[in-house]
Each structure stands twice: as C-alpha cells, then as structure tokens.
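Beneath this line is the structure, given in structure tokens, with notes to follow.
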Amino acid sequence: MSNDRYRFHRSTDSDPRSTFQSPQEEIEYWKQLYKEKSTELDEFVSSSKELEEELEAELKSKEDSVRELQDTVQKLTNELKDHKVSCCLFVSLTFWQESARQASSQSSAQILQLQVQCADVNLLIL
C-alpha cells in the first residue's frame, strides 16, 4: 500500500521526483534540498542583518550630519541677525553723525552770523 501511495505522489517527467528509484532516495533528495535551502536562508538572514546594521549606521551618520547642519544654520542665522543689528546700528550712527555735522555746520554759520551782527552792533555803538 505504501508503494501505491508513493506512486500517487509522483509527478510528471519534468519533476525531479519522477527519477527516484525508491522512497529513501526521494527522502535523501528532499533532505539535501532542505539543507541547501536552509543554508541559503541562513546566509540570507545573516546578510540581511549585516545590511540592516550598515543601513542603521549610515542612518545614524546622516542624522548626525543633519543635526550638525541644523546647528550650523542656527549659528549662521544668529550671526546674520547680529550683523543686521550691527548694520542698523552703523547706519543709525552714520545718520546721527551726519545730522550732528549738519547741526554743527549750521551752528557754526549761525555763530559766525551772530559774531558779524555783534561786530556791526559794536561799530554802531562806538
């Protein structure tokens, strides 16, 4: 009865199982195939784990780089703000200096005018 069952599980001529001479030969074939596939699976799992570790390390490196770049951007942004403030202060200082020069010139002109007028008044009085 087991031979009938064995024959029942046999496939077409293109199936490697059809070339077996005995059930033991087929069992050995499947054991060997299992070992090969098991080894392939172990290698795949191992290489997948290595790849995952490499990718995790690369991801951490990229995240560190992103953090460094973000820090650099923040520092540069702060420096830019400082430079804008400095620039505004410089422009304001320049404006006030120019205003002071103009006021000084006007004052000097007014003083000169007043001196001339005083001299005229002194001439009239004398």
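Here's the yes/no breakdown for (1) on the phi > 0 side of the Ramachandran plot; (2) of a type outside the set (K, R); (3) at pLDDT 80 or above; (4) touching a strand residue (DSSP E or B) at 6+ places or on another chain (Cβ under 8 Å):
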residue: R67; (1), (2), (3), (4): no, no, yes, no
residue: T72; (1), (2), (3), (4): no, yes, yes, no
residue: N78; (1), (2), (3), (4): no, yes, yes, no
residue: K81; (1), (2), (3), (4): no, no, yes, no
residue: L93; (1), (2), (3), (4): no, yes, no, no
residue: W96; (1), (2), (3), (4): no, yes, yes, no
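Can you list residue pairs whose Cβ atoms sit under 7 Å apart, with the first residue in region 75-89 being in contact (Cβ under 8 Å) with a residue 40 or more places away in the chain and the second being surrounded by 10 or more Cβ atoms within 10 Å (Cβ to Cβ) and assigned to a helix (DSSP H, G or I)? Count only pairs 6 or more apart in sequence or on different chains.
Final answer for the pair search is none.
The values are calculated or read from the model by the stated rules, or taken from the named source; none is laboratory data. Worth saying up front: this structure is predicted, and the values here are computed from it rather than measured. Cβ coordinates were reconstructed from backbone atoms using ideal geometry, including for glycine residues, and neighbour counts include every protein chain displayed.
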